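> First the structure, then my questions, so here it is.
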């Protein structure tokens, strides 16, 4: 059965919870929809975190990011929502989500939000 | 009223039909769906052509490329279809469509088709 | 009705005022006029800020930057004025405006001003 | 007295008319206005030619390109007009004009026209 | 059931056999073993071809390249063998295999073989 | 006799134990196996450390990294194990291991762990 | 009347003395003469400063840097002299002069001096 | 005794006159003076040739290029003169001189002349 | 027993003599001595060839290039000698040797010779 | 008389001892010999320092680095020795020596040592 976009994120146990170490996941394959015009937007998403008890399962991360494909979302809002969802799912010691959006109106926008 | 994805392409008169000259349009904002897995694919599309009586209207090109967003399409097939549609719409003296797809299974694929 | 250059900047509510996060907008499409010679100058403008209650609305930012097209402005002055106008419009927690000017007399100039 | 934009192009004698050699002039400082929306467009212009009896005087070329600043012009049209004007002014053995336009609607466009 | 390395290559029908067009597949994930020392070698493999009746199925290409992981193979030999196997599998109108090997003894080697 | 992959790491005396200085070793030639799918994974490994009494012998490091070739290992786990093994072998004043993995599911992952 | 090289530097009033902001001027067009061999040396000069009451007038900076064209000057000395002259002329809050010299004897040299 | 700029070029015997082979010399250290304004101009000079009986002696080439330091010269003229002088000095089978000039008036110029 | 520099080159049988294919070997580790000054020179050497009955054995190529370490050699001469020696050793269908030398007197030199 | 490699380093008076400023010298022309195999090693050496009473004379630095050409030296050891020799010769306020070695066994190594 093929995969489906999904808003749920899977956490798996951190293999080395006794150490502060950093994981970074980056994908240029993020697209959502502009809430004003209904037209597609494209971004590269970078997630950097220090895990606590759990790490993000990569396949569920892919399906989670896919779930925005048909959703209207402002740049600033979607960046903070991805951060909130990931923090809720894996409860990292700290995490940063960075989004880098393709040109709109001649302007390139990036947004970067961190927890805590 | 916001724009909509559209399979129709607008042609406008070539301002200099007496000269062979080259136009190149490139966008990293192309996405469609893998017909086997249903998962999104992403590509950069480059269209290079020598116009005859008509040139491609840019906004209609944007809406045309958007129309593949929910469609299942193999890399080789979609490249040839974009070429066929553009050739039918503007009847260029010659045209090349080049697609450059993001990594799948560790492999990057490009496809390039030309008319005539 | 086509858009017009405009000195007014629109602010929209910050979707996540409870968090310090950073937004960066960059455009290579800035041009104004040298007050001494009347000749055009060109710059890339980068605006980085941490929003408080408001964020900058992107279309109004585009029209605002456009409004300098026919105005005489020294590099150092225009950078500080853009910062002042944006600070007045969105009252950010902090903001930096960076301008990177094309070569004049063999010399490349950049200016960077921050609030507070 | 400060310089002014000017549609006239100055030709100066070729110092080596007995040899086919190539001159290339490039500037990222070209801007004109979209005839549909009235909004500014930006391009890098590259002129490559083999002079015959004359070469292009650089200051007049700068003032000539400046003269498009307030003019509405489609990408394909303005490229061919620059070529036509330069061919009329210096009657080169051969010449190519290449324009590389900043992103509009997610699409980057280049146009390249040659004489003869 | 997980995938396995496999020396067999799958061919699927060319969706546009009436046109000469080019497909290029590239992967940095190729490794085999030096027949003299038994130590691992690493290469980027690029396959460029014009299909006739068939195109290469990407998953089978991945499993095929994986099948060299434990095999001893000289740079020149393995490049020609990949070409021979792919030509036998999809009978392309023309094909080039290019391998770019990581440094050994301070020397970087590339090999490029074409059919016909 | 050809070399063999080996889990043991050789330490040689630090030629300048009286000074804190930094050594960095980087190789793009690391490959292991995904524990879930059995398919090969590829990474660039960077080891940065300040030696105490010992430094890492380079040939033993090469054979050590080679020993993961047929082993199933998650990205986060293998990075921490390399760090643990190297810390045990050379007891550095401080050390960081950084792994940069090739794309899986459209996502690039890096992991970075430090001691102490 | 054409410009002349000049050791004098013009200061103009800072348009925003109430704010600490940074100006950076860079030119690859610096040349002087080696005091030992009499042969030409070439450098890129970068001046970064926070103005107080005055900013550097760009044309006088160009003529000032030109004035070194026939002067013998060691790399370390000329960098400190440019800094001293600029500090005397515009009395900045802080300033750095960085020079990056082309290869001599296989060695590339840079010098960086700051005030205060 | 220190070297001096010199308009004379030394030729030394070609060690392999029986074979057509190519030599390329490039230097970013060329400067001359604008004949109109008296201000310095800067260029990278690239000389590519197939020697016949002689090759260019490198030190004499350095002193020759240095000899333009105080001379007024238009871009197109100086390129052709360097070619003429080098052709007279070493009588190559073929030669190309390419000059790449730093920005003037926002425009970058290159000139390329070949013999025969 | 450690390896030694050696002027002899080993040829091994071409695994695919029935096909014209290209091999390229590149190393940045070439050094010899200037015959005039006795000082070291450094180059990147690139060898591209289509083998006939033999291919170059890589270890012997490394030892061969090493053998120039203490030898006086002009750029043009050593390039032709490497080509002559390799042609004698492996009798390729065609071969090109390209050398790219580090800066001397502000000038970068490359030499490229081909057989036949 | 041609220059000779030399282990002695010349110091010349610092022209601006009253100011802390930084000098950086970089050369890609360093080679020594592996003490285990007798084979050549290659590195780029970067020396960064704040001079006190003396600066390094560049020609003596070149001859000093040349003196390692026939000497066996481990990466970590030679980096610390260069630092020790330079510190002894010019007694800088602070100094860093960074060496960046070409690939051996698939591994790139850098070493960085500082005083004090």
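The values are calculated or read from the model by the stated rules, or taken from the named source; none is laboratory data. From a predicted model like this one, the values you see are computed outputs, not experimental measurements. With ideal geometry, Cβ positions are generated from the backbone for all residues, glycine too; neighbour counts draw on all protein chains shown.
> Kindly indicate whether residue J:13 is within 14 Å of chain G (Cβ to nearest Cβ), surrounded by fewer than 19 Cβ atoms within 10 Å (Cβ to Cβ) and over 10 Å from the mean Cα position of the chain (by Cα).
yes
> For segment F:67-76, name all the residues that are under 12 Å from the mean Cα position of the chain (by Cα) and surrounded by fewer than 21 Cβ atoms within 10 Å (Cβ to Cβ).
F:67
> Could you pull out the residue among A:19, A:7 that is part of a loop (DSSP other than H, G, I, E, B) and either within 14 Å of chain F (Cβ to nearest Cβ) or touching a strand residue (DSSP E or B) at 6+ places or on another chain (Cβ under 9 Å) (or both)?
Going through A:19, A:7 in turn, just one is part of a loop (DSSP other than H, G, I, E, B) and either within 14 Å of chain F (Cβ to nearest Cβ) or touching a strand residue (DSSP E or B) at 6+ places or on another chain (Cβ under 9 Å) (or both): A:19.
> Answer yes if at least one residue in segment D:23-40 is more than 10 Å from every other protein chain (Cβ to nearest Cβ), at pLDDT 95 or above and in contact with a strand residue (DSSP E or B) (Cβ under 8 Å, 6 or more places away or on another chain), and no otherwise.
Yes; the residues of segment D:23-40 include at least one that is more than 10 Å from every other protein chain (Cβ to nearest Cβ), at pLDDT 95 or above and in contact with a strand residue (DSSP E or B) (Cβ under 8 Å, 6 or more places away or on another chain).
> For segment H:52-109, enumerate the residues that are in a helix (DSSP H, G or I), within 14 Å of chain D (Cβ to nearest Cβ) and over 24 Å from residue H:34 (Cβ atoms).
Correct list: H:87 only.
> Criterion first (within 19 Å of residue H:112 (Cα to Cα), more than 10 Å from chain H (Cβ to nearest Cβ) and touching a helix residue (DSSP H, G or I) at 6+ places or on another chain (Cβ under 6 Å)) does residue D:114 satisfy it?
no
> Within segment A:43-64, does at least one residue satisfy the condition of being farther than 16 Å from residue F:106 by Cα, touching a strand residue (DSSP E or B) at 6+ places or on another chain (Cβ under 7 Å) and at pLDDT below 95?
Among the residues of segment A:43-64, not one is farther than 16 Å from residue F:106 by Cα, touching a strand residue (DSSP E or B) at 6+ places or on another chain (Cβ under 7 Å) and at pLDDT below 95, which makes the answer no.
> If residue B:44 satisfies all but one of (1) buried (at least 19 other Cβ atoms within 10 Å of the Cβ); (2) more than 9 Å from every other protein chain (Cβ to nearest Cβ); (3) farther than 21 Å from residue D:78 by Cβ, what's the number of the condition it fails?
Unmet condition: (1).
> Looking only at segment J:35-51, count every residue that is outside any strand (DSSP E or B) and more than 18 Å from residue J:98 (Cα to Cα) and tell me the total.
Counting residues in segment J:35-51 that are outside any strand (DSSP E or B) and more than 18 Å from residue J:98 (Cα to Cα) gives 5.
> On the basis of being surrounded by fewer than 17 Cβ atoms within 10 Å (Cβ to Cβ) and at pLDDT 95 or above, does residue A:19 make the cut?
In short, yes.
> I need the full set of residues from segment G:22-34 which are assigned to a strand (DSSP E or B), touching a residue at least 24 places away in the same chain (Cβ under 8 Å) and out of contact with any helix residue (DSSP H, G or I) (no Cβ under 8 Å at 6 or more places or on another chain), in order please.
Hits for segment G:22-34 are G:22, G:24, G:31, G:33.
> Could you check segment A:93-109 and list, in sequence order, the residues that are touching a residue at least 60 places away in the same chain (Cβ under 8 Å), buried (at least 19 other Cβ atoms within 10 Å of the Cβ) and touching a strand residue (DSSP E or B) at 6+ places or on another chain (Cβ under 6 Å)?
Here is the first cut: in segment A:93-109, the ones touching a residue at least 60 places away in the same chain (Cβ under 8 Å) are A:93, A:99, A:101-102, A:104.
Narrowing further to those that are buried (at least 19 other Cβ atoms within 10 Å of the Cβ): A:99, A:101, A:104.
Across segment A:93-109, the qualifying residues are A:99, A:101.
> When segment G:42-72 is examined, which residues are found to be out of contact with any helix residue (DSSP H, G or I) (no Cβ under 7 Å at 6 or more places or on another chain) and farther than 23 Å from residue G:3 by Cα?
Hits for segment G:42-72 are G:48, G:49, G:50, G:52, G:53.
> While we're on this one: Has segment C:35-56 got any residue that is free of Cβ contacts under 8 Å to residues at least 40 places away in the same chain, under 11 Å from the mean Cα position of the chain (by Cα) and within 30 Å of residue G:45 (Cα to Cα)?
no
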